[in-house]
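The values are calculated or read from the model by the stated rules, or taken from the named source; none is laboratory data. This structure is a prediction, so every number in the text was calculated from the model and none was measured. In this analysis, Cβ positions are derived from the backbone assuming ideal geometry, glycine residues included, and neighbour counts consider all displayed protein chains. The protein model used for the area step is the full one, side chains on, heavy atoms only, and it has no ligands, DNA or RNA in it. Shrake-Rupley method; radii C 1.70, N 1.55, O 1.52, S 1.80 Å.
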Amino acid sequence: MDIVYNWHMTEKCNYACQYCFAHWTQHKEIWRDKATVYRILKEMKNAENSTALFPLNKNNQTVNTRINFAGGEPLLLGKSLIDFASKAREFGLKTSMISNGSLLLKFKEIAKYMDTIGISIDSLVSETNQKIGRQEKNGKSLNYNELSDIIIALKKENHDVQIKFNIVVNRYNYKENVVSSLLKLNPEKVKIFRELPFGENQTGITDEMFHNFLHINSDGGEKLYIEDNSAMTHSYLMIDPFGRFFQNGNNYDYSYSEPIHEIGFDKALNSIDFDASEYLNRYKIGDE
Ligand code: SF4
């Protein structure tokens, strides 16, 4: 099984989605210090036997550690992200990333160092993307043909790279059929999330809106994975741009560990409120 660490390398993004939770207000992002990032990646691999992870590997199954590079938009790190992914592979980590897709053609080389590339797409209708804020400052969002070109380019770089799409159901796209268009691009997986209540937005979307979306997007078969709010609390291993583990159990704020590069990976991992059984539940339904 995979132990997945979602490392939000930067909070900067060239899009401005209304529901985006990747906002922090302090400290210097540590990705500019490559030696520190490399050290954390190495400790991440060494943490496979950490006591914090015992519930996950008690059945003596093979454990792989995967680093999932996230943001903000991780490709705003440019060549540095390619270096991090390459180094992570060298240390024996599996690699994945989640991107809004806008820079994937420019940095398509990243596919050589990735097992999986996730692309977040909520809609293929430009007016909807505009309402969500899922576009660049000049109003540019990805359309179907551009997305298709990106997938072709990534597969050309690495035939084995897995493609995954993430959709967040929100108040602007819940009446649209997004999944059937995405499936034409032959991804390995399409994952549906629900807009989470967070910060000033304490409502997210209603059950009715979410189920409406699921109803009109139910044709994904075994490639489709659905994640409702309840499965998302304490069941992710997340690192912020400043090298701290964080959890989103409290709707109003995050809780944090001390910086990993100051107290060590294992100690930081053991200090957070991680729900290993919820993680296993997500894993069992193929939603790792
Ligand atoms: S693309 Fe992702 S990181 Fe960027 S604003 Fe939207 S949700 Fe946030």
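Here are some notes:
- In Å², nearest 10: area of LEU105 left accessible to a 1.4 Å probe: 90 Å²
- Among the protein heavy atoms, those of ARG89 account for about 80 Å² of accessible surface (1.4 Å probe, every chain in place).
- ILE263-TYR144 pseudo-label distance in nm [points 7 Å out on the Cα-to-Cβ vector]: 5.1 nm
- Counting charges near ASN14 (Lys, Arg +1; Asp, Glu -1) among other residues having Cβ under 13 Å from its Cβ returns a value of +2.
- Dividing the summed -39500 (n - 2.57) terms of all DSSP H runs of n ≥ 4 by the residue count of the chain sets its mean residue ellipticity at 222 nm at -8000 deg cm²/dmol.
- The angle between the Cα long axis of helix 207-216 and the longest principal axis of the Cα atoms of the chain comes to about 70 degrees, rounded to the nearest 10.
- Three-way shape label, the chain, alpha-carbon gyration tensor, a/c 1.5: rounded
- Note on exposure: PHE91, PHE245 ranked by accessible area (1.4 Å probe, complete protein assembly) read PHE91, PHE245, with the most exposed listed first.
- Computed from the Cβ-Cβ distance with R0 of 30 Å, the FRET efficiency linking HIS211 to SER126 stands at 0.70.
- Surface composition of the stretch 144-195: carbon and sulfur atoms hold 45% of the protein heavy-atom accessible area at a 1.4 Å probe.
- Using heavy atoms of the protein chains and a probe of 1.4 Å, the accessible area assigned to SER257 is about 10 Å².
- Å² per residue, accessible surface of the stretch 84-183 at 1.4 Å: 44 Å²
- When the square roots of the Cα gyration tensor eigenvalues are ordered a ≥ b ≥ c, the ratio a/c for the stretch 49-134 is 1.5 or more and a/b does not exceed b/c, which makes its shape oblate.
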